[in-house]
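These notes concern the structure reproduced below.
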Amino acid sequence: MAILVHAARATRHWLPAGVRRGDRMYHVFSDLPGPEGTAELIAFVRRFELRPQWIQYPGTYREHFDARADDGLAMLAAGARLATNREVGMLLAARKHPG
């Protein structure tokens, strides 16, 4: 369906990626539930050289990737949609308590 990109601030240094605490970064989600969402998410982030093993909270309602600011902006240019805090909260709540 859609890849959602959520702007955030790094809560800690992520030095191998050149990100310091407080820098802009992005969380990247699929809005599809379950294995279909995981497959869509991994296929999308691979285009930006993010590795599948870098997925955060795999198989859970919090599943996402972290992306540097430049990658997040490139993802938006490639068709991902910028998500608000509210949208991400609603997505996570729906995944946590399906049905």
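What follows draws every value from the coordinates through simple rules; no lab data is involved. Model, not experiment: these values are computed from the prediction. For neighbour counting, all protein chains shown are included, and Cβ atoms are generated from backbone atoms with ideal geometry for every residue, glycine included.
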>> So residue 62 passes all but one of these: (1) of a type in the set (Lys, Arg); (2) more than 10 Å from the chain's Cα centre (by Cα); (3) farther than 19 Å from residue 13 by Cα. Which condition number does it fail?
In response: (2)
> Under the condition of being among the small types (Gly, Ala, Ser) and in contact with a helix residue (DSSP H, G or I) (Cβ under 8 Å, 6 or more places away or on another chain), which residue from the range 79-94 is nearest to residue 8 (Cα to Cα)?
Replying inline: 83
> Quick check, is residue 37 without any contact (Cβ under 8 Å) to a residue 40 or more places away in the chain, closer than 13 Å to residue 91 by Cβ and in contact with a strand residue (DSSP E or B) (Cβ under 6 Å, 6 or more places away or on another chain)?
Replying inline: yes
